[in-house]
1. May I ask you to list the residues in segment 41-66 that are over 17 Å from residue 29 (Cβ atoms) and among the hydroxyl-bearing types (Ser, Thr, Tyr)?
2. Taking the residues in segment 22-48 that are at pLDDT 95 or above and among the acidic types (Asp, Glu) as candidates, determine which candidate is surrounded by the most Cβ atoms within 10 Å (Cβ to Cβ).
Amino acid sequence: MTFQAAWKWVKDIFQILLYIGKGISNLPDYQAYVKHLKENHPDLTPPTEKEFFAELLENKYGANAKRC
């Protein structure tokens with residue numbers, strides 16, 4: 001196996017583990033959200049990744065978050 005092939009394999013495994021980790025932690029996928037916006041709401045400007053997660057955390061834990 002060449003170095004390039006081994007490095008690609010490591011990167012692919014890392015991406016799979018990252019995807020699984022996000023699923024377990026219940027974090028939404030930013031790239032999927034941007035893709036959805038571009039396909040279904042082309043008139044909207046996607047937020048930056050930082051803005052996306054800041055809004056997510058504000059909605060989940062902020063002052064106006066819905067709690068039991």
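1. 45, 61
2. That would be 39.
The values are calculated or read from the model by the stated rules, or taken from the named source; none is laboratory data. Being a predicted model, the structure only gives us computed values, none of them experimental. Counting neighbours? That spans all protein chains shown, and the Cβs are built from the backbone with ideal geometry, glycine included.
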